[in-house]
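Structure, as structure tokens:
The values are calculated or read from the model by the stated rules, or taken from the named source; none is laboratory data. Keep in mind that what you see is a predicted model, and the values were worked out from it rather than measured. Every residue, glycine as well, gets a Cβ built from its backbone with ideal geometry; the counts of neighbours run over all protein chains shown. Side chains are part of the model used for accessible areas, which takes the heavy atoms of the whole protein and leaves out ligands, DNA and RNA. Shrake-Rupley method; radii C 1.70, N 1.55, O 1.52, S 1.80 Å.
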Amino acid sequence: MGLLNLSGFGLGYALMRCWFRTVLCWAATGALLLVALPADADGIAGGLVVAYLVVLVVAAADGARTARRRTVGGSWRPLVAAGAGLVLLAVPAGGVVFYGSAKDEAVEQMLLDRLDRGDRSVEAASGKPFAAARGDYQAALTIYRGLGEEHSGSRAGKLVPQRLDAYYKAVSAPYRQKKFCEAIEPLTYLRTVPEAIDRKLLGDLADYPDEPLATALYECGVGKLGTVRTDKDGRELSELLRTFPGSAQAGKVGAAVSGKISAQSRAVRGSSPCAAEEMLRRIRATTLSLPDRKVSALAGKADPGIEDGAYACGVAQFEDKQFDSARLSLTEFAATYKKDKRRARARDIAIAAEIAATRAAAGKHLPPSGPPGGGRMELVISNDAPDGVEILYTGPVTGRAGIKGCGSCTSYSWVSGAAAACKARGKSYPKVTLWLPAGEYHFLYKHRGASSGTGVTSYADGSRIQPGYRYTGCTYVSRSPGLGYGTTGT
């Protein structure tokens, strides 16, 4: 009867008609089944199992003790009861086997669910920019690493290599889409993955990012060469030359830089010389900063193009009526390239641009590239002003001249200046003589007092020089209520 009670169903008690004890056995077994089923990955508490086994042992011992005191009805004999008890022991044993199998399956499902969470993280990350997706990718990698390293024999663990392949494809998607600048950050991240996961799990994936990253750095760097206005220009090419110095992509940098320089050197002679010159300057600066000496030495190839571009830019600015910009550009060109044959021409255009900034008629066309033939007329300009005067002129010829200040001279009233200036008897005025071919001229008189805070301003005027005449002019300062300015009379 004790063996029958080991089945967990209290059958020994039932044969002896000990119904209360039978119900207690059913209650203990039912409670165990209620807690244990359905089987999950965590199983049931060890203490509960021990307690149940204690109940079975107690029931078996009590059943055997009780059977000795009672006579079991029917044809049952002790040997038959013992045989039946042994057979019925297969019930709890089979239950244990079944429960273990169910628990193992629950563990497999738990691991598959974990794998699915990693897959969902990758799927969510693939629709975001990498900076925003990085956290999702790292979470997925943590899951794959745990499954692949700690549960490699599970169904989920065996799927990890396949998932890692999909993972690498998702992270490197911008590269396959030829978004090379966008691909640099995720490919750089992939190079760090072998530090966080067993290389055996990665296989060939461990070294996969090197070639695509070198290509992305090259394509992005060459594409941006000369186009970025910050100190970040050239960082991709610098990274390529430092990280993959022996790669085929690094070997192409020199040729790419030379090609860019040649293209922009031709472009300075095109319709947008200022933009081409600026890009050429940036290419030169970037090339000079690259870590490979052979490549950085190519920076000097840009110098002739920059020189041509500086001149062409100033001329284009004049033609576009950007007179202040043209003056600055061509003045800087003349000061920088003192051996350039266009230096004198650049200074003439700069003079014309400075006059045109005040008198637009002086900028209708570029000044002539050479002086005309024929005779020249004399223009004598005297200065009846305390400060010196610089005279800029453009027309058939272009130039500048200066007159010293008249120390004993004073300013005139607005009304009397034109009639009285330069006409004091016996007084010697500082003067300058210009010899000019006939034609239409534009003048700018820059009183040096204009920069001394006296309120004196410069003055622009036009004049026609005709053959056979001698011309005179006079510069002076006149006053008006609340304003002083320089003027001239001829």
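Descriptive notes on the structure:
- Scanning region 183-199 for residues that are modelled with pLDDT under 95, open to solvent by 50 Å² or more (accessible area, probe 1.4 Å) and either in a helix (DSSP H, G or I) or over 21 Å from Val122 (Cα atoms) (or both) yields Glu195, Arg199.
- Count of residues meeting criterion [open to solvent by 30 Å² or more (accessible area, probe 1.4 Å) and within 10 Å of Val380 (Cα to Cα)] in region 427-438: 3
- The residues on offer are Ser413, Ser329, Ser408, Ser382, and the sole one that is within 50 Å of the chain's Cα centre (by Cα) and among the hydroxyl-bearing types (Ser, Thr, Tyr) is Ser329.
- A search for C-beta distances below 8 Å between a residue of region 386-400 that is closer than 12 Å to Pro430 by Cα and any residue that is open to solvent by 20 Å² or more (accessible area, probe 1.4 Å) and charged (D, E, K, R), counting only pairs 6+ apart in sequence or on different chains, returns Asp387/Arg448; Gly388/Lys404; Gly388/Arg448; Val389/Lys446; Val389/Arg448.
- Options Lys178, Lys169: the member that is under 16 Å from Phe130 (Cα atoms) and outside any helix (DSSP H, G or I): Lys178
- Residue within region 361-377 that is over 20 Å from Glu440 (Cβ atoms) and charged (D, E, K, R) present: no
- Among residues of region 458-475 that are within 12 Å of Ile381 (Cβ to Cβ) and at pLDDT below 95, those with a beta-carbon under 6 Å from a residue that is open to solvent by 80 Å² or more (accessible area, probe 1.4 Å) and not in a strand (DSSP E or B) at least six positions away or on a different chain give the pairs Gly473/Thr490.
- Val456 being closer than 30 Å to Asp320 by Cβ, part of a loop (DSSP other than H, G, I, E, B) and open to solvent by less than 30 Å² (accessible area, probe 1.4 Å): no
Residues checked against (1) hydrophobic (A, V, I, L, M, F, W, C); (2) over 30 Å from Lys338 (Cα atoms):
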residue: Val222; (1), (2): yes, yes
residue: Gly226; (1), (2): no, no
residue: Gly251; (1), (2): no, yes
residue: Lys294; (1), (2): no, no
residue: Leu298; (1), (2): yes, no
residue: Ile306; (1), (2): yes, no
residue: Ala310; (1), (2): yes, no
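- Positions within region 242-282 being crowded, with 20+ Cβ neighbours inside 10 Å, without any contact (Cβ under 8 Å) to a residue 40 or more places away in the chain and not aliphatic (A, V, I, L, M), in sequence order: Gln249, Lys260, Glu277
- Looking only at residues of region 283-294 that are in contact (Cβ under 8 Å) with a residue 12 or more places away in the chain, surrounded by fewer than 21 Cβ atoms within 10 Å (Cβ to Cβ) and out of contact with any Pro (no Cβ under 9 Å at 6 or more places or on another chain), we find that the one that is nearest to Lys224 (Cα to Cα) is Ala285.
- The criterion of being farther than 29 Å from Thr286 by Cα and open to solvent by 50 Å² or more (accessible area, probe 1.4 Å) holds for Gly127.
- Among the candidates Leu213, Leu164, Leu202, the residue that is among the aliphatic types (A, V, I, L, M), open to solvent by less than 30 Å² (accessible area, probe 1.4 Å), in a helix (DSSP H, G or I) and modelled with pLDDT of 95 or more is uniquely Leu213.
- Residue count for region 302-324, restricted to those that are more than 29 Å from Val257 (Cβ to Cβ) and open to solvent by 30 Å² or more (accessible area, probe 1.4 Å): 5.
- If the condition is being under 22 Å from Thr286 (Cβ atoms) and in contact with a Ser or Thr (Cβ under 8 Å, 6 or more places away or on another chain), then region 310-353 contributes Ala310, Cys313.
- Residue in region 222-229 that is open to solvent by 10 Å² or more (accessible area, probe 1.4 Å), on the phi > 0 side of the Ramachandran plot and either part of a helix (DSSP H, G or I) or touching a residue at least 12 places away in the same chain (Cβ under 8 Å) (or both) present: no
- Region 282-312: number of residues that are of a type in the set (Asp, Glu), within 26 Å of the chain's Cα centre (by Cα) and in a helix (DSSP H, G or I): 0
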